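Participant: Attaching a single structure in structure tokens format; questions to follow.
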């Protein structure tokens, strides 16, 4: 190692040129690296969607879901299969085991879907296989609203969509609130009766007159002529002239009997922004594109479009992920600058200006070198990478401080600058390398974190490992080179350390009773654990962040039309319109809620709050909203805050399945009753079918056959009253997709009564349907849910304020000791995620300890000294608990788990260097007690410096303070700092406690069993 260090110091120009190149390359990489909110994670899920307009949920389950499940369950690597069957649609969601090959899985699923196609009804739409990729989710939501007609707003949105998709970095734009075009042919039922229209004949006539005829070409010998037979419907005139009835030489066309209009399909919901009709453009960027630049280009385009829009059209940004990324980048810059300034101040006070500047340069040097490598291997600057860079900020300086402190001592002893720095770097090279490798050993197992959380989190250990290796190069190569350039030689003077005399006296007393010191420490640690068990603040999976936006789901029951649902939503919307803390209010009502919501959700209000420092906390705003709407009868409001991190949805999720539907329903009632009785569970919902009525037209097949009718002809007649009978489709110039051509009766004829008045044209003339069709009412069946091939009911709930998920679930298990026979209960949701993440972190910690043990035994060649270093990790967990208690933080499975693992790497560093110094002094002939005393005194300054710089660097995050040194400004309680509060509290508390143990307990433990006086490696 000495040869490498000497070569770098004596060839200082080349070394410093390499340092400058790394700084410039790192800065260039920082500018060029794509910046995005979420990492490009392939979620191990795919789903197959199937559509058949008008199909009932039971038929969708029997004819669409079951055949598809039967085929897909044979796929290898499927962890869970979830299916839904609803009115007009069905889907099967597949969740694969961690580590699956997405390309192979997609190919396998498509093959299975293709082989199942023949088993599905012919009329069903082609099944589509969808991948789920986080990087393809929308990054910007733009709301268009104004006092215009729906058609005008949709047309403006489609024009803007085309323009925005012209930006190279934009992948696609979806229009929320877009309506599907349709060409309606409105015919009075009495006209149909009088002309005796046969629906099968009508369909055949239109189909045969709407054909692409490939007529070919004609070569006459004198020339080649292209022949064309125009037969495709291109405009309304083509439809108007379409024959619908032929009797001899008399032909009836649509123009004779019907009214044609280009319109939209029946509304499935309505959208409003700030009480004005509106639509939303949801912009997704390409994988690897820079989120900040992409959104800036979209905003620039929209700003240019504003003067061209009709008067009154407003543009609002409902969701903008670039602001979150910019905030994180700002936090990172502020944290790095704060760390540099604190290091400069501390080292300036203890070792002088020259050492302070050199050590201060190693921090940006390590950061920029790390970013250069991160960019080179294809990572993006996402939230997790930023998080890792903030986490590692306190660790980068440890090696540099240890080397510079010893070099300072060497200079005070009169050594020439070059020799002083070479000797310091050489002497500390193995302890610093060992301490860095032990830290890497802690993070390395996290690279193998399974599941979706692991796919998100793998960027963290990779980034930390890269930056720590860069810091090692800074401490052992570039720092000694910069130090060796010093011309002047320090006079021989003793090194002054503040508080050294008092420390020496205290340590001397403790070394006389090492056993008592150990017992006293164990008692203190025991008291800390007992205190935490009594006064802890609970357990959570991911930290709760003050949200920028929130969602209010409005729930109501009854057979309500989409217009009635919208009226109810409008009443709630009007009550909340006056809230000044809401920047934008997006209201959306719908006929049928999607699968992610409860089946009784009739609409959603999306709130975009003003900046956090200009408003009350979200919970206080929520209470105001609930108070303002408390007197609206028949509705339940479900408040959903913006979810951060890979988790999402309600934390409580209980799945029930069994052979008997009645017993599963009984178990659902039992569990819901117990949850309500216990308390702590709020916004409880389940996905059972809502009570309601459906109308059934039962065909007497024998009677129908006698009259020359069948089920198909009855269905065609009924479709005239419902969604319209589809005759064909065409593609007009202004439409991107095919437009259906449908025959319908006018709106005033669309009623249940009209169904009983319908007639059919048969061999015996016009026959009323009532002769062979019975109209009756029956209980309505809503969306059906299946998990792994079994019908399942899922209960979901939130946890009330002041309650903990783990504690409430334990109480529920005690309350409900038995379920009806044959009913199975599976606890899923956040509880399952917590258990999975917790089990992995414990396994990773165990692997890390084994790897660290191997490294330490190699370094010290002593099992006792290795156990001594590792015991510091266990003891430091008491400090973690103290940090969480003092800062009022709950125990976050992910954040505190990561904190303890990071702390393990930091804590061992000082112990390694301290024990290495003890072994050196023992080898020089000192007694164990003398060596322990001198070791403590020699290591006091570097141990305190590394600990204080790390803890002070974390303090802004611990206190929720955002220090902007360039501004300058000070933000207190910013949401961006809440991400890191648990983690920083854990590390700061653990490191402070561990530093005291390192300086007081470790020397005593060394005296208890000093070992042989053999010089350790280095």
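Each reported figure results from applying straightforward, stated rules to the coordinates on display, with no laboratory input. Every value quoted in this text rests on a predicted model; they were computed, and no experiment measured them. Methodologically, a virtual Cβ is constructed for each residue, glycine included, from the backbone with ideal geometry; neighbour enumeration extends over all protein chains shown.
Participant: Set the Förster distance to 51 Å, then compute FRET efficiency between residue 353 and residue 136 from the Cβ-Cβ distance, nearest 0.05.
Facilitator: E between residue 353 and residue 136, to the nearest 0.05, is 0.50.
Participant: On to the next question. At 7 Å along the Cα-to-beta-carbon direction for both residue 529 and residue 678, put a label point, then send me their distance in nm to one decimal.
Facilitator: For residue 529 paired with residue 678, the spin-label model returns 2.8 nm.
Participant: Which whole-percent values make up P(r) of segment 141-286 when all C-alpha to C-alpha distances are grouped in 10 Å steps starting at zero?
Facilitator: Cα pair-distance distribution for segment 141-286, in percent: 9, 25, 21, 22, 17, 5, 1, 0.
Participant: Step by step: find N for segment 197-247, compute 2.2 N^0.38 Å, then divide the Cα radius of gyration by it. What's the final number? Intermediate values should be presented prior to the final figure.
Facilitator: Working: Rg = 15.4 Å, N = 51, 2.2 N^0.38 = 9.8 Å.
Rounded to two decimals, the normalised Rg is 1.57.
Participant: Report the label-to-label distance for residue 220 and residue 201 in nanometres (one decimal), using points 7 Å from each Cα along the Cα→Cβ vector.
Facilitator: Once both label points are built, they end up 4.1 nm from each other.
Participant: Moving on. From the mean inverse distance of alpha carbon pairs (Kirkwood) and the Cα radius of gyration, derive Rg over Rh for segment 112-196.
Facilitator: Across segment 112-196, the Cα-based Rg/Rh ratio is 1.14.
Participant: Between residue 733 and residue 128, take the C-beta separation as r, use R0 = 22 Å, and let me know the FRET efficiency to the nearest 0.05.
Facilitator: Details: r = 27 Å, r/R0 = 1.21.
E(calc), rounded to 0.05, equals 0.25.
Participant: Rounded to the nearest angstrom and ordered from largest down, what semi-axes does the equivalent ellipsoid of segment 436-551 get from its C-alpha gyration tensor (root of 5λ)?
Facilitator: The three semi-axes for segment 436-551 are 39, 32, 16 Å.
Participant: Where the centre of each part is set by its Cα atoms, how far does segment 649-666 sit from segment 318-381, in angstrom?
Facilitator: 51 Å
Participant: Å³ per residue of the Cα convex hull, for segment 879-1018?
Facilitator: 126 Å³
Participant: So, one more: What is the percent of Cα-Cα separations in the chain that go past 45 Å? If you can, show how the numbers build up before the last one.
Facilitator: Working: 237232 of 517653 pairs.
Value for the chain (Cα pairs over 45 Å): 46 percent.
Participant: Could you check how many percent of all C-alpha pairs in segment 1-147 are farther apart than 24 Å?
Facilitator: 57 percent
Participant: What does the C-alpha gyration tensor say about the overall shape of segment 249-372? Classify as rounded when a/c is under 1.5, otherwise prolate if a/b is larger than b/c, or oblate. Walk me through the intermediate numbers first.
Facilitator: Numbers: a/c = 5.06, a/b = 3.84, b/c = 1.32.
Prolate.
Participant: Could you let me know the centre-to-centre spacing of segment 823-883 and segment 717-755, using Cα atoms, in angstrom?
Facilitator: 64 Å
Participant: Would you compute, for the Cα atoms of segment 628-787, the largest minus smallest coordinate along each principal axis and list the three values in descending order, in whole Å?
Facilitator: In descending order, the Cα extents are 67, 48, 37 Å.
Participant: While we're here: Gain in length, residue 306 to residue 240, computed as 0.36 nm per residue apart minus the alpha-carbon separation, to one decimal in nm?
Facilitator: 19.9 nm
Participant: Relative to the present Cα-Cα distance, how much length would full extension add between residue 927 and residue 747 at 0.36 nm per residue of separation?
Facilitator: Values: separation 180, 0.36 × 180 = 64.80 nm, distance 10.20 nm.
Extending this stretch completely gives an extra 54.6 nm.
Participant: A further question on this structure: Send over the semi-axes of segment 547-643's equivalent ellipsoid, whole angstrom and largest first, taken as the square roots of 5 times the C-alpha gyration tensor eigenvalues.
Facilitator: 23, 14, 11
Participant: Can I ask one more? Can you tell me the order of 15-25, 536-546 when each peptide is scored by its average per-residue count of other Cβ atoms within 10 angstrom, highest first?
Facilitator: 536-546, 15-25
Participant: Helix-derived [θ] at 222 nm for the chain: sum -39500 (n - 2.57) over DSSP H runs of at least 4, divide by residue count, nearest 500?
Facilitator: Result for the chain: -16500 deg cm²/dmol, rounded to the nearest 500.
Participant: Can you give me the C-alpha center-to-center distance between segment 501-546 and segment 763-810, rounded to a whole angstrom?
Facilitator: Centre-to-centre distance over Cα atoms comes out at 56 Å.
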